[in-house]
Amino acid sequence: MSAALRDLVVGQALGPIERAPITTRQLVEYAGASLDFNRIHYDDPFARAGGHPSVIAHGMLSMAFLGQLAASLTGGPGPIRELKARFRAVAYPGDVLRVSGVVKAVRAAGPAVVVELELTAKRADGTVLLDGSATLAG
């Protein structure tokens, strides 16, 4: 049984972790890593034509920040068994994201422990970008 997971308690607050402001360069690098080359992520005139004030961050980049918080509980992503998110709003270059969560359940599963998390990513102004959940086991 993972000591880090075993030590978590229901209702325990997680984070927040604050991500540095999103940059257009970060979006181009993420596009290369994810193979998501939708122009809305790097072509400012194209994004503006779609009604946005600038290019938008990949939703999956914001979701990765939820995974980062979950992985920080055990020192790596290995114990993450499931990660879900519902996208509520978009992030733009310059946005600072704050990721937080709460432990919803901790239960024994044989010699291991299973932990359920509720996770949220918000802009600095409090706008919820996505909310989600994670299941960890170890």
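The values are calculated or read from the model by the stated rules, or taken from the named source; none is laboratory data. Here the structure is a predicted model, which is why all the values come from computation and not from measurement. Virtual Cβ from ideal backbone geometry, glycine too; neighbours counted across all protein chains shown.
One table, with the values for the structure above:
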read-out: Condition met for Leu5 (touching a Gly at 6+ places or on another chain (Cβ under 7 Å), more than 22 Å from Leu97 (Cα to Cα) and surrounded by 14 or more Cβ atoms within 10 Å (Cβ to Cβ)); value: yes
read-out: When residues of segment 86-134 are limited to those that are among the β-branched types (Val, Ile, Thr) and outside any strand (DSSP E or B), the one farthest from Ala64 (Cα to Cα); value: Thr127
read-out: Tally, over segment 8-29, of residues that are under 25 Å from Glu118 (Cβ atoms) and either assigned to a loop (DSSP other than H, G, I, E, B) or of a type in the set (Ser, Thr, Tyr) (or both); value: 8
read-out: Which numbered condition Pro77 misses (of (1) farther than 23 Å from Thr23 by Cα; (2) surrounded by 17 or more Cβ atoms within 10 Å (Cβ to Cβ)); value: (2)
read-out: Hits in segment 30-53 - residues which are surrounded by 13 or more Cβ atoms within 10 Å (Cβ to Cβ), part of a loop (DSSP other than H, G, I, E, B) and of a type in the set (Phe, Trp, Tyr); value: Tyr42
read-out: Residue list for segment 10-29, filter: surrounded by 12 or more Cβ atoms within 10 Å (Cβ to Cβ), more than 17 Å from the chain's Cα centre (by Cα) and at pLDDT below 95; value: Thr24, Val28, Glu29
read-out: Test set (1) touching a Lys or Arg at 6+ places or on another chain (Cβ under 6 Å); (2) more than 19 Å from Glu116 (Cα to Cα); (3) surrounded by fewer than 18 Cβ atoms within 10 Å (Cβ to Cβ) - Asp95 fails condition number; value: (3)
read-out: Ala57, sole failed condition from (1) closer than 30 Å to Val102 by Cβ; (2) in a helix (DSSP H, G or I); value: (2)
read-out: Answer from Ala70, Ala85, Ala64, Ala89 - the residue that is under 29 Å from Asp125 (Cα atoms) and without any contact (Cβ under 8 Å) to a residue 12 or more places away in the chain; value: Ala64
read-out: Breaking point among (1) touching a Ser or Thr at 6+ places or on another chain (Cβ under 7 Å); (2) within 26 Å of Arg6 (Cβ to Cβ); (3) part of a loop (DSSP other than H, G, I, E, B); (4) not small (Gly, Ala, Ser), for Pro77; value: (1)
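Quick grid of which residues meet (1) free of Cβ contacts under 8 Å to residues at least 24 places away in the same chain; (2) farther than 29 Å from Pro79 by Cα:
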{"residue": "Asp7", "(1), (2)": "yes, no"}
{"residue": "Val10", "(1), (2)": "no, no"}
{"residue": "Gly15", "(1), (2)": "no, no"}
{"residue": "Thr23", "(1), (2)": "no, yes"}
{"residue": "Leu27", "(1), (2)": "no, no"}
{"residue": "Phe37", "(1), (2)": "yes, yes"}
{"residue": "Ile40", "(1), (2)": "yes, yes"}
{"residue": "Phe46", "(1), (2)": "yes, yes"}
{"residue": "Ala57", "(1), (2)": "no, no"}
